[in-house]
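The structure that follows is given in the form of structure tokens.
The values are calculated or read from the model by the stated rules, or taken from the named source; none is laboratory data. Because the structure is predicted, anything quoted here is derived from the model rather than measured. Methodologically, a virtual Cβ is constructed for each residue, glycine included, from the backbone with ideal geometry; neighbour enumeration extends over all protein chains shown. Surface accessibility is based on the protein's heavy atoms, side chains included, excluding ligands, DNA and RNA. Shrake-Rupley method; radii C 1.70, N 1.55, O 1.52, S 1.80 Å.
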Amino acid sequence: AAGVASGLPRQVAIVGAASMVKSGRKLTGSSKQREPPSTTAMIGKVLHRALQQANLTVRDLDGLVAVPSLQGDHFMEAHYQATALGLFGNGHEPRALRCRTLDTGGAGPVSALLEAERMIQAEGLECVAVVAADAVGSMSSETFLSKADDIFFKLGKTLGQPEGSVKSPAIPHGYDRITQLQMKNYDLKRIQLQMAVSLESYHASLHPDSLQSQKSNAAFDPVKDNQQSTQSQSRYYSSYTTLEQVQSSTPVTPNISLLECARRADGAACLILASNRFLQRRNVWAPGIPVVIGGGAFSGPLYPPQNPDLITDVMYASCQQAMTRAYASAGNLCAKDIHFFGLYDCFPICLVRAIEACGLAPIGGGGKYLEIQHQRLVTALESDSDDTTAGIRKGGAVESLLMDPSFFPINTHGGLLCFGAPWEVPAMFNIVEAVDQLRGQARGRQIQGCRRALVFGNGGVLSASAVAILATSS
Ligand code: CAA
């Protein structure tokens, strides 16, 4: 892998990365008349913040890539948002902006990142924004399910599947079919899937912006507030969800409970990509800037059939294929070259398959990997008798676990399950967290020596996969 992180010949850097997430107001009962948050307003905020990080303004943009939203449901999302935000300028001072809308479902942000990189490399653009926003947290459950279910009910009818074969909620039921197959084929255990939630929840407890931390209403900053302390340093923003709590969570399908579902949210994120030519001209190119060094994508069917015999590993291996392509394009890297993994986890089975596909565990070994990592966490917590609110003991077992780069280097923000999941936005959160890690700015949860990151987005029911590999430039 030596030399691949130089930023050349792929010369595109991520110079801005900003995100926001909120649980959203459920617009039911008396609040029915209230408007849900506007995706345009959210995009405006994160765009401004991401541009500010790079000392740029909207005038510097010559491209915009967007993914669609369930709440906005706009025709030509990128053109819509660019028009609504005034990015085309006015009649007196029009500005050239190339817009693209990409729809690969939850894989969209990673597909959009790779498209923005291609626009810079192949079309000669210099500075492109990637944006995504949605407000499914503010939707009532009925509205959300009527929109999300409808897609798959219609598809079932089109494919001539018997009435009622696709049950509501359609998405969790689709993932349940894959879960059953993996449990049967690879001795994957239900408890191992539940451990995924507990592990991610532990990471989310160290991130101030995760929905989990927001919900616990931690108004203080534990890192700052305890920096005087010599005995212990509390870094927790919330307590984490124990395995027992996941096990007692309300069942949604036979193999998925509420805490094992992507956590609906409102939110938005923005990335600013620029060519190093542009950055050198602006005198802001510096070693350490995250650059894109590889990418790959692959597709499969939109929904798994009812008959398990027809669900084959090959048909649902888009993640595996995308990973293989991404590693190859980054100069034949492999899992041991990567320090942070931002893996899509709308349901634990998606995470298990991604862990196997990226090479952190052998095929069929994802469940065991989670079990080992969970055991490491529990042992360290027990050893420090840490209740995850008291603080991390200096020199204690938890602190040394967190210093060990091999401890669950996945979704240090908490993933879709615990950070928050605004429909097609959350893979952006994986990328923003990767950028924070590569910049050394993942305060309180930094992976030591993080120089390369892999981000994966998944759309539909394992239907679209996009993977990008990022590295710090040297
Ligand atoms: N962790 C913690 N809390 C959670 C949670 C989680 N993972 N998921 C839900 N909750 C909380 C909610 O915040 C809510 O709390 P409050 O009452 O305090 O607001 C409570 O549990 C109840 O949640 P819901 O209101 O959502 O409950 P419901 O009974 O109305 O609906 C459900 C349950 C049908 C399972 C619904 O939550 C659901 O559909 N979830 C899955 C969302 C989904 O499918 N997202 C897309 C994933 S696929 C993908 O990402 C790919 C793509 O291409 C887009």
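Looking only at segment 302-326, count every residue that is in contact with a helix residue (DSSP H, G or I) (Cβ under 7 Å, 6 or more places away or on another chain) and outside any helix (DSSP H, G or I) and tell me the total. If you could, list the steps in order and put the result at the bottom.
Our first condition is that a residue be in contact with a helix residue (DSSP H, G or I) (Cβ under 7 Å, 6 or more places away or on another chain); within segment 302-326, this holds for 302-304, 308, 311, 316, 319-320, 323.
Now narrow it down to the ones that are outside any helix (DSSP H, G or I): 302-304, 311, 316.
Total satisfying the criteria: 5.
Return the residues of segment 83-105 that are of a type in the set (A, V, I, L, M, F, W, C), over 23 Å from residue 136 (Cβ atoms) and open to solvent by less than 70 Å² (accessible area, probe 1.4 Å); say none if nothing qualifies. Let's see the steps before the verdict.
Taking segment 83-105 first, the residues of a type in the set (A, V, I, L, M, F, W, C) are 84-85, 87-88, 96-97, 99, 102.
Filter once more, keeping what is over 23 Å from residue 136 (Cβ atoms): 87-88, 96-97, 99.
If the condition is that a residue be of a type in the set (A, V, I, L, M, F, W, C), over 23 Å from residue 136 (Cβ atoms) and open to solvent by less than 70 Å² (accessible area, probe 1.4 Å), then 87, 88, 97, 99 are the ones that fit.
For segment 393-421, name all the residues that are more than 30 Å from residue 133 (Cα to Cα) and part of a loop (DSSP other than H, G, I, E, B).
Restricting attention to segment 393-421, the residues satisfying the condition of being more than 30 Å from residue 133 (Cα to Cα) are 393-407.
Hits for segment 393-421 are 394, 395, 396, 404, 405, 406, 407.
Something else: Output the number of residues of segment 49-63 satisfying the condition of being within 20 Å of the chain's Cα centre (by Cα) and open to solvent by less than 10 Å² (accessible area, probe 1.4 Å). Walk me through it before giving the result.
Step one: list which residues in segment 49-63 are within 20 Å of the chain's Cα centre (by Cα), which gives 49-50.
Add one more test, that the residue is open to solvent by less than 10 Å² (accessible area, probe 1.4 Å), and what stays is 50.
Count: 1.
Taking segment 331-356, which residues are more than 14 Å from residue 408 (Cβ to Cβ), in contact with a helix residue (DSSP H, G or I) (Cβ under 6 Å, 6 or more places away or on another chain) and buried (at least 24 other Cβ atoms within 10 Å of the Cβ)?
Passing the criteria: 344, 346, 347, 349, 353.
Being of a type outside the set (D, E, K, R), part of a helix (DSSP H, G or I), away from the ligand (no atom under 16 Å from the Cβ) and under 24 Å from residue 14 (Cα atoms) narrows it down to one residue among 112, 41; which is it? Explain how you work it out, then say what you get.
Working: 112 fails: away from the ligand (no atom under 16 Å from the Cβ).
None of the other options fit; the residue is 41.
Which condition does residue 124 not pass, out of (1) without any contact (Cβ under 8 Å) to a residue 40 or more places away in the chain; (2) closer than 22 Å to residue 291 by Cα; (3) open to solvent by less than 10 Å² (accessible area, probe 1.4 Å), if it passes all the others?
So the condition that residue 124 fails would be (3).
Being away from the ligand (no atom under 16 Å from the Cβ), under 16 Å from residue 237 (Cβ atoms) and of a type outside the set (S, T, N, Q) is the filter here; which residues of segment 382-426 pass it?
Selection gives 386, 387, 390, 391, 392, 398, 402.
Within the group 120, 171, which residue is away from the ligand (no atom under 16 Å from the Cβ) and either modelled with pLDDT of 95 or more or assigned to a loop (DSSP other than H, G, I, E, B) (or both)? Before the answer, list the steps.
Numbers: 171 fails: away from the ligand (no atom under 16 Å from the Cβ).
The conditions single out 120.
With the structure loaded, tell me whether residue 385 is under 19 Å from residue 457 (Cβ atoms) and open to solvent by 40 Å² or more (accessible area, probe 1.4 Å) or whether it fails that test. Spell out the reasoning first.
On the way: under 19 Å from residue 457 (Cβ atoms): no; open to solvent by 40 Å² or more (accessible area, probe 1.4 Å): yes.
So residue 385 does not fit the description; no.
Can you find, within segment 154-168, the residue that is farthest from the ligand (Cβ to nearest atom) among those that are assigned to a helix (DSSP H, G or I) and among the basic types (Lys, Arg)? Show your work before the answer.
As a first pass, look at segment 154-168 and keep what is assigned to a helix (DSSP H, G or I): 154-158.
Okay, now just the ones that are also among the basic types (Lys, Arg), so 154, 157.
Working: 154: 16, 157: 20 Å.
Step by step, filter segment 154-168, then rank; the result is 157.
State whether the residues of segment 78-86 include one that is assigned to a strand (DSSP E or B), in contact with a Cys (Cβ under 6 Å, 6 or more places away or on another chain) and within 28 Å of residue 285 (Cα to Cα). Break it down stepwise before answering.
Start the filter on segment 78-86 by keeping residues that are assigned to a strand (DSSP E or B), which leaves none.
For segment 78-86, residues assigned to a strand (DSSP E or B), in contact with a Cys (Cβ under 6 Å, 6 or more places away or on another chain) and within 28 Å of residue 285 (Cα to Cα): absent.
Determine the pairs where a residue that is in contact (Cβ under 8 Å) with a residue 60 or more places away in the chain and of a type in the set (S, T, N, Q), located within segment 272-293, has a partner that is assigned to a strand (DSSP E or B) and surrounded by 12 or more Cβ atoms within 10 Å (Cβ to Cβ) with Cβ atoms under 7 Å apart, the partner being 6 or more residues away or on another chain.
275/12; 276/13
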